[in-house]
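Read-outs: derived from the displayed coordinates by stated rules, not from any lab. Only a predicted model underlies this, so the values are computations on that prediction, with no experimental measurement involved. Using ideal geometry, Cβ is built from the backbone for each residue, glycine included, and neighbour counts are taken over all protein chains shown.
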């Protein structure tokens with residue numbers, strides 16, 4: 001029997017969809033092993049006690065108090081806990097929660113940008129750790145209550161927590177955001193919001209040009225300047241990220257996965273998939289199904 005990493009429909013299971021607020025804030029203690037899984041929301045989690053090891057897309061890192069992990073949709077991750085277990089405060093939220101806020105354009109493009117090759121976590125120093133924990137705990141308390149402007153309060157605290165994380169992440173990884181003028185940042189922030197909600201549809205620079213009443217060359221140049229990549233590469237990254245989730249979570253044929261993720265040609269889908277993931281769609285599905293089976297078997301082996 002083929003085992004696939006588990007897909008977690010976090011927002012629906014928590015009732016967030018019915019409340020029309022796409023955010024869930026929880027605290028929980030993990031014991032031993034948290035199986036390989038993925039979801040279609042963003043996740044910001046903080047370790048408050050215990051130690052262990054987390055694998056993100058196959059790359060391990062140590063978990064300890066002060067470790068913050070930021071996951072984008074369909075990042076594959078699993079956790080192996082040490083004997084003490086791992087206690088975390090976790091916020092899961094849909095990308096749309098950030099749209100329409102007063103967030104600065106340059107910060108928004110960092111959050112929704114493609115993977116720049118840096119890590120997906122950071123170990124906070126004592127002061128930012130205290131700030132992050134206080135911020136997430138306030139979000140958790142607010143999440144459990146029913147007060148005036150509850151959603152606006154949680155959104156504001158979420159943005160604050162993201163700022164703490166990305167500032168620490170930028171320092172720890174010696175990242176320098178590409179310089180660009182404010183006009184280009186604002187334009188691309190609007191474009192990125194649109195692309196993130198329409199990427200499975202037919203999209204091109206010409207369509208974006210018409211949508212935002214701006215020339216093709218202006219969008220293309222602004223995208224490259226602000227995001228450090230081309231529009232087509234960003235679009236393909238979003239589509240392939242969704243494709244990996246469908247390959248691992250469903251029994252859909254690879255052709256159907258290609259069509260479901262916005263590709264009009266199976267040949268183009270396969271070529272782009274190999275370019276981004278380094279494997280064909282079929283090889284990717286087989287590789288991760290085997291890894292999941294191995295991990296599940298290892299987690300069942302008792303320790304001496």
When 267, 282 are arranged by how many other beta-carbons sit within 10 Å of their Cβ, fewest first, they go 267, 282
To the nearest Å, what is the center-to-center distance of the range 194-270 and the range 70-93, using C-alpha atoms only? 28
Label-point gap, in nm, between residue 264 and residue 29 - each point 7 angstrom along Cα→Cβ: 5.6
Sorted by average packing, counted as other Cβ atoms within 10 angstrom per residue and highest first, what order do 51-63, 207-219 take? 51-63, 207-219
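Would you please put 273-280, 144-151 in order of how densely packed they are, using the mean number of other Cβ atoms within 10 angstrom per residue and starting with the highest?
Working: 273-280: 15.6, 144-151: 9.8.
Most protected by this proxy first, the peptides run 273-280, 144-151.
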Quick check on the range 182-292: take the gyration tensor over C-alpha atoms, sort the square-rooted eigenvalues as a ≥ b ≥ c, and tell me if it's rounded (a/c under 1.5), prolate or oblate. prolate
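Mind ranking 40-49, 246-255, 226-235 by how tightly packed they are, going by the mean number of other C-beta atoms within 10 angstrom, highest first?
Values: 40-49: 21.2, 246-255: 15.9, 226-235: 18.7.
Per-residue Cβ counts within 10 Å, averaged per peptide and sorted highest first, yield 40-49, 226-235, 246-255.
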